[in-house]
Amino acid sequence: MKERYLYQIKAFPKVPQLFQRIRADRIKIFLGSSAKSEELQTYKKIAGIEGLIDGETSSEDAEKSKPHPDVFQAAMAKLEGIHTSEVVVVGDSPYDAEAAGKVGLRTIGFRSGGFAEAKLRAAGCIAIYDGPADLLARYDGSVLVKA
């Protein structure tokens, strides 16, 4: 089924540029996904972010999917020496923010996941953007600069 629709998946605009901007500030980028590892590799290629990632977790690293915090707990275990106060999660669903919050992580929410701003805020998002291009355009005023 996935093979049937995979070719239709398109990256959101400005994703590689956002990742490059974040890395220019010497901020590490770590993917915490509920996708299978193989799928995650495909999604990274589609998004044009191969080589821009410092680490990742996938469903193989977690027993339960979001809103359970397993994927973020696994990520924090791999981020040795980094305190939760230094981490900012970027997600496009309330489940991302709920899961991150259970581990003490702050979350930036993207409306591009189809959820209303009110739901993202209620789940704990500290800032809301339309998507990657919007965050890139307003990057200098974002919590990433202060992270």
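Quick note: the coordinates plus some simple rules give every number you see, no bench work behind them. This one's a predicted model, so the numbers in the text were calculated from it and none came from an experiment. As a convention, Cβ positions derive from the backbone with ideal geometry for all residues, glycine included, and neighbour counts pool all protein chains shown.
A few comments on the model shown:
- Too-long pairs where the Cα-Cα distance tops 28 Å, listed order kept, from K10/K146; K45/K78; K14/K64; K45/K102; K10/K66: K10/K146; K14/K64; K45/K102
- Gyration tensor verdict on region 32-111 (Cα atoms; rounded if a/c is under 1.5, prolate if a/b is larger than b/c, oblate otherwise): rounded
- Whole-percent pair-distance distribution, where bins are 5 Å wide, for the alpha carbons of the chain: 2, 10, 18, 23, 25, 17, 5, 1, 0
- Helix-only arithmetic for the chain: the sum of -39500 (n - 2.57) across DSSP H runs with n ≥ 4, divided by the residue total, places the mean residue ellipticity at 222 nm at -10500 deg cm²/dmol.
- The separation of region 98-147 from region 1-76, counted between C-alpha centres, amounts to 16 Å.
- Each of the peptides 135-145, 15-25 was scored by the mean count of other Cβ atoms within 10 Å over its residues; in descending order, highest first, they stand as 15-25, 135-145.
- Relative contact order computed over region 34-138 (Cα-Cα under 8 Å; 6+ residues apart), in percent: 18 percent
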